[in-house]
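Data first, discussion second: the structure below is written as structure tokens.
The values are calculated or read from the model by the stated rules, or taken from the named source; none is laboratory data. If you're wondering where the values come from, they're calculated on a predicted model, not measured in any experiment. Here the Cβ positions follow ideal geometry from the backbone for every residue, glycine too, while neighbour counts run over all protein chains shown. Each accessible area value is taken on the protein alone, full model and side chains, heavy atoms only, with ligands, DNA and RNA left out. Shrake-Rupley method; radii C 1.70, N 1.55, O 1.52, S 1.80 Å.
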Amino acid sequence: MHKEAPSPIDLPEPELERPGLGWTAIVIAVATLFLLATNAVSLSDWIDDQPPSPAQAQAAAVADQWYAFTQAIGLAVPRDAMHTQWKRAEEARFHGDGQAGEDADAPPSQR
């Protein structure tokens with residue numbers, strides 16, 4: 001059998017890169033900051049849905065200020081545009097006999 005000759009230079013074994021918990025924490029933090037910056041209206045809505053308390057009232061005031069700030073500097077524009085498109089899709093009606101949606105479960109003979 002042929003045995004491999006040892007290397008003339010002893011190199012350390014390569015370390016395995018394991019992103020693990022640190023990498024995951026960074027990804028979650030970046031996603032949280034991105035959503036906080038671009039989706040302030042959802043944060044405000046969520047706070048408004050919480051049971052009333054002094055802390056909730058203070059958080060609602062801060063959330064409203066943050067929403068106004070993101071609106072003023074334009075960070076809310078992408079979310080607002082997508083929300084508008086979503087609402088248009090919700091309101092879309094299929095044209096046919098003029099009564100789409102109300103009797104969609106009824107057989108064609110009863111529409």
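So here's what we get for this one:
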| item | result |
| --- | --- |
| Subset of region 26-49 (residues that are assigned to a loop (DSSP other than H, G, I, E, B) and surrounded by fewer than 12 Cβ atoms within 10 Å (Cβ to Cβ)) | 49 |
| Test set (1) open to solvent by less than 60 Å² (accessible area, probe 1.4 Å); (2) assigned to a helix (DSSP H, G or I); (3) modelled with pLDDT under 95 - residue 83 fails condition number | (1) |
| Enumeration of residues in region 1-25 that are open to solvent by 100 Å² or more (accessible area, probe 1.4 Å) and modelled with pLDDT of 90 or more | none |
| Region 53-73 residues that are more than 12 Å from residue 41 (Cα to Cα), paired with ones that are of a type in the set (D, E, K, R) and open to solvent by 50 Å² or more (accessible area, probe 1.4 Å) (beta carbon under 7 Å, 6 or more apart) | none |
| Members of region 68-79 that are open to solvent by 50 Å² or more (accessible area, probe 1.4 Å) and over 16 Å from the mean Cα position of the chain (by Cα) | 68, 69, 71, 72, 73 |
